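Visitor: Before I ask anything, let me first share the structure, which is written out below as structure tokens.
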Amino acid sequence: MPIMPRYPAGLPCTEIGPVLIDPAIALAPMAGFTGHPFRILAREFGCGLLFTEMIHARALLHGGKGVFF
């Protein structure tokens, strides 16, 4: 059973400029694992800030036409 902290007033939230992150839990970008279905599940399980998958800069520069290391 995971150890979960107890927050009597609810989970904390934070603000970055005008953006409210509620709850203050972020999922870091991970190559190959943070596709749309995974982000949907993470949000449903309470993640407040999600990132898209990472992309290699060279693939972005060349239009993603098979340019990978």
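Visitor: Largest first, please: the extent of the C-alpha atoms of the range 15-61 along each principal axis, to the nearest Å.
Guide: Largest to smallest, the principal-axis extents are 34, 26, 12 Å.
Visitor: I've got another one for you. What does the extension gain come out to for Thr14 and His36, with contour length at 0.36 nm per residue minus their alpha carbon separation? Intermediate values should be presented prior to the final figure.
Guide: Details: separation 22, 0.36 × 22 = 7.92 nm, distance 2.39 nm.
Contour length minus Cα-Cα distance gives 5.5 nm.
Each reported figure results from applying straightforward, stated rules to the coordinates on display, with no laboratory input. None of the values given here were measured: they were computed from a predicted structure.
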